[in-house]
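Student: Have a look at the structure that comes next, please.
The values are calculated or read from the model by the stated rules, or taken from the named source; none is laboratory data. Worth saying up front: this structure is predicted, and the values here are computed from it rather than measured. Note that we place each Cβ from the backbone using ideal geometry, even for glycine, and neighbour counts take in every protein chain shown.
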Amino acid sequence: MSAKIDRALVQAFIAGSFGLTIAHENEGFDPTPGTPHAEITVFRNPAVPVSIGDAGLDETTGLFQATLKYPTNAGAWPAKEKADALLAYFRVGRVFTYEGQRVQILSKDRGTGRAEAGWYQLVTRFEFNARTARAAA
């Protein structure tokens, strides 16, 4: 599996210029109280062969998740409007690339908002697929 898949999705989020600071996986992040931010994560499914042979193709699907975090008691609309911007940007069928790796968005979803640990959280999820070349043995 290619780390380029993850990079394509993370770089796409950054390029979207959503005006949010980003909490990246396994990096220190200390949110500024009262300032909206996003936690982004890539969840990958196992790769399956698309073609047979040592130099064939594998395909993987997964979810790119952006958890929007907004101050509590400030209303849900700012978070929902930002979620709408993400849903429009990561539209179904859109392809993102990183160093030749293509990643295509298959579906999108917005969860129900909830308050937790001082933040109003709204989760957006984008299902994707990607094909990677299988290295010859």
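Student: Taking the stretch 34-46, which residues are in contact with a helix residue (DSSP H, G or I) (Cβ under 9 Å, 6 or more places away or on another chain) and farther than 20 Å from Ala130 by Cβ?
Tutor: Passing the criteria: Pro36, Ala38.
Student: Scanning the stretch 99-119 for residues that are basic (Lys, Arg) and under 13 Å from the mean Cα position of the chain (by Cα), which turns out surrounded by the fewest Cβ atoms within 10 Å (Cβ to Cβ)?
Tutor: In this case the residue turns out to be Arg110.
Student: Need at least 3 residues that are touching a helix residue (DSSP H, G or I) at 6+ places or on another chain (Cβ under 9 Å) per element, so show me which strands (runs of 3 or more DSSP E) inside the stretch 63-137 make the cut, counting only ones lying wholly within it.
Tutor: Hits in the stretch 63-137: 95-98, 101-110, 119-133.
Student: Ok, one more. Within the stretch 114-132, track down each residue that is at negative phi and small (Gly, Ala, Ser).
Tutor: Ala115, Ala130
Student: While we're here: Looking at the stretch 31-84, which of its residues are within 14 Å of the chain's Cα centre (by Cα), closer than 16 Å to Arg110 by Cα and among the hydroxyl-bearing types (Ser, Thr, Tyr)?
Tutor: If the condition is that a residue be within 14 Å of the chain's Cα centre (by Cα), closer than 16 Å to Arg110 by Cα and among the hydroxyl-bearing types (Ser, Thr, Tyr), then Thr41, Thr67 are the ones that fit.
Student: Could you tell me how many of the residues in the stretch 52-98 are exposed (fewer than 12 other Cβ atoms within 10 Å of the Cβ) and either on the phi < 0 side of the Ramachandran plot or modelled with pLDDT of 95 or more (or both)?
Tutor: The qualifying residues number 8.
Student: Let me ask something else. Looking at (1) part of a loop (DSSP other than H, G, I, E, B); (2) among the β-branched types (Val, Ile, Thr); (3) in contact (Cβ under 8 Å) with a residue 24 or more places away in the chain, which is the only condition Thr32 fails?
Tutor: All conditions are met except number (3).
Student: When you check Leu122 against the structure, is it among the hydrophobic types (A, V, I, L, M, F, W, C), closer than 19 Å to Gly16 by Cβ and either in contact (Cβ under 8 Å) with a residue 24 or more places away in the chain or surrounded by 13 or more Cβ atoms within 10 Å (Cβ to Cβ) (or both), yes or no?
Tutor: yes
Student: Is it fair to say Pro49 is more than 19 Å from Asn129 (Cβ to Cβ), in contact with a Gly (Cβ under 7 Å, 6 or more places away or on another chain) and surrounded by fewer than 17 Cβ atoms within 10 Å (Cβ to Cβ)?
Tutor: no
Student: Let me ask something additional. Answer yes if at least one residue in the stretch 1-11 is small (Gly, Ala, Ser) and touching a residue at least 24 places away in the same chain (Cβ under 8 Å), and no otherwise.
Tutor: yes
Student: Filter the stretch 76-113 for residues that are aromatic (Phe, Trp, Tyr) and out of contact with any strand residue (DSSP E or B) (no Cβ under 6 Å at 6 or more places or on another chain); which is farthest from Asp6 (Cα to Cα)?
Tutor: Looking at the filtered set, the residue picked out is Trp77.
Student: Would you check which residues across the stretch 1-25 are in a helix (DSSP H, G or I) and either small (Gly, Ala, Ser) or surrounded by fewer than 20 Cβ atoms within 10 Å (Cβ to Cβ) (or both) and list them?
Tutor: Across the stretch 1-25, the qualifying residues are Ala3, Lys4, Arg7, Ala8, Val10, Gln11, Ala12, Ile14, Ala15.
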